[in-house]
Amino acid sequence: MAKTKREKSGSRILGQNRRARHDYEIIETIEAGIALKGSEVKSLRLGHAQLRDAYARIEGGEAYLHKLLIPAYSHASVFGSHVTDRPRKLLLHRYEIDRLVGKLEQDRLTLVPLALYLNGGLVKVELAVAKGRTLYDKRHVLAERDAKMEIKRLRSTYR
């Protein structure tokens, strides 16, 4: 399996959405910047982020990340704090947004954030163009994974 840009750079992961790989079939991943306030970045550096219910949407030609929960930074003043679940703008090139709009409308796909990470001091989001899985598909994937693990275990014992 090919390594993503995030894995190659050796960046620090701030938060992950592990449930997304179970609920969705990942078709493509995209790295995007995210517009944040200072107290949000400080809170993220402490590892406080919740991506479980988050999703991305393209509105008015711009991409936004909704329902990303970043708790308030404990040392920020009342005036320097932020709204915890506001929509956050994703920083993508125009051609990337146009390509995503075409895919999302044509193939009935969705944008799901997989991870938040630091890359050279900047906070990045790994977005996935994904298709939702049905309950049957989820069971099938789990059965395949268990079978592969069993084969791997048996091979290691006979060598």
Please give, to one decimal in nm, the separation of the simple spin-label points placed at residue 93 and residue 69, each 7 Å out from Cα toward the Cβ.
3.6
With label points built 7 Å along Cα→Cβ from the Cα atoms of residue 135 and residue 150, find their separation and express it in nm.
2.3
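Of 37/124; 67/124; 42/103; 89/124, which pairs sit farther than 23 Å apart, going by alpha carbon to alpha carbon?
Numbers: 37/124 14 Å; 67/124 16 Å; 42/103 34 Å; 89/124 12 Å.
In this structure, 42/103 lie more than 23 Å apart at Cα.
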Return, ordered by residue number, the residues of region 101-123 whose backbone nitrogen is under 18 Å from a label point located 7 Å along Cα→Cβ of residue 50.
113-116
Karplus ³J(HN,Hα) for region 30-37 (6.51 cos²θ - 1.76 cosθ + 1.60, θ = phi - 60°; Hz, whole; x = Gly/Pro) runs 9, 9, 9, x, 9, 7, 10, 8
The farthest towards the positive end of the charge dipole of region 103-153, of the residues 109, 142, 130, given +1 on Cβ of Lys and Arg and -1 on Cβ of Asp and Glu, is 142
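Suppose the chain between residue 22 and residue 84 were pulled fully straight at 0.36 nm per residue; how much longer would it get relative to their current alpha carbon spacing? Can you show the working numbers first?
Values: separation 62, 0.36 × 62 = 22.32 nm, distance 2.61 nm.
Stretched fully, the residue 22-residue 84 segment lengthens by 19.7 nm.
FYI, it's all coordinate maths here, none of it is from the lab. All values reported here derive from a predicted model rather than from experimental measurement. Please note: Cβ atoms are built from the backbone with ideal geometry, for glycine as well, and neighbour counts cover all protein chains shown.
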